[in-house]
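The values are calculated or read from the model by the stated rules, or taken from the named source; none is laboratory data. What you see is a predicted model, and the numbers here were worked out from it, not measured in a lab. Virtual Cβ from ideal backbone geometry, glycine too; neighbours counted across all protein chains shown. Note: accessible area is taken over every heavy atom of the protein model, side chains too, but ligands, DNA and RNA are not part of it. Shrake-Rupley method; radii C 1.70, N 1.55, O 1.52, S 1.80 Å.
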Amino acid sequence: MIAENTVSVVVPVFRCGSSLDELYERCNAAINAMNMQLQLILVCDGDRDESWSYVIELAQRSPGGVKGILLARNRGQHVATSAGIQAASGKYTVVMD
């Protein structure tokens, strides 16, 4: 189901967990300024740092606003992006890298 006032933002995540809070805050502010809702989709591409734990924590603090996808192993940016696009449910979808 497509949410009429939602923008899905898809971001492949690889070794950048500590920057996800800032990413969420900035995306949320920009989308809210357009009177829209944010759906941030973070796709962890099998990295071995702590990125997935950051995604889980952010999703718990922002229920409904953040969706995490964990790929079983590193498949590359294009596969991660495609997985995020498939999970998007907003009227508009934006890919950030």
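From SER82, SER51, SER62, which residue is without any contact (Cβ under 8 Å) to a residue 24 or more places away in the chain and among the small types (Gly, Ala, Ser)? Let's see the steps before the verdict.
On the way: SER51 fails: without any contact (Cβ under 8 Å) to a residue 24 or more places away in the chain; SER62 fails: without any contact (Cβ under 8 Å) to a residue 24 or more places away in the chain.
Matching residue, one of SER82, SER51, SER62: SER82.
Any residue in the range 1-26 that's at positive phi: show its pairings with residues that are open to solvent by 60 Å² or more (accessible area, probe 1.4 Å) and not in a strand (DSSP E or B) at Cβ separation under 6 Å, as long as the two are six or more apart or on different chains.
Filtered contacts from the range 1-26: ARG15/ASP49.
In the range 69-76, is there at least one residue being part of a helix (DSSP H, G or I) and surrounded by fewer than 16 Cβ atoms within 10 Å (Cβ to Cβ)? Before the answer, list the steps.
Of the residues in the range 69-76, the ones part of a helix (DSSP H, G or I) are none.
The answer is no, given that none of the residues of the range 69-76 is part of a helix (DSSP H, G or I) and surrounded by fewer than 16 Cβ atoms within 10 Å (Cβ to Cβ).
Would you point out the residue of the range 5-64, among those that are among the charged types (D, E, K, R) and open to solvent by less than 30 Å² (accessible area, probe 1.4 Å), that is farthest from SER82 (Cα to Cα)? Explain how you work it out, then say what you get.
Just the residues of the range 5-64 that are among the charged types (D, E, K, R), to begin with: 15, 21-22, 25-26, 45, 47-50, 57, 61.
If we keep only those that are open to solvent by less than 30 Å² (accessible area, probe 1.4 Å) too, we end up with 45, 47.
Working: ASP45: 11, ASP47: 17 Å.
Applying the filter and picking the extreme gives ASP47.
Can you tell me which residue is least open to solvent (accessible area, probe 1.4 Å) among those in the range 80-97 that are part of a loop (DSSP other than H, G, I, E, B) and among the aliphatic types (A, V, I, L, M)?
First pass over the range 80-97, keeping only residues part of a loop (DSSP other than H, G, I, E, B): 88-89, 96-97.
Of the ones still in play, those that are also among the aliphatic types (A, V, I, L, M) are 88, 96.
Working: ALA88: 27, MET96: 74 Å².
Selected residue: ALA88.
Going through the range 1-38 one residue at a time, which ones are assigned to a strand (DSSP E or B) and touching a helix residue (DSSP H, G or I) at 6+ places or on another chain (Cβ under 9 Å)? Lay out the reasoning, then the answer.
Here is the first cut: in the range 1-38, the ones assigned to a strand (DSSP E or B) are 3-13, 37-38.
Across the range 1-38, the qualifying residues are THR6, VAL7, SER8, VAL9, VAL10, VAL11, PRO12, VAL13, GLN37, LEU38.
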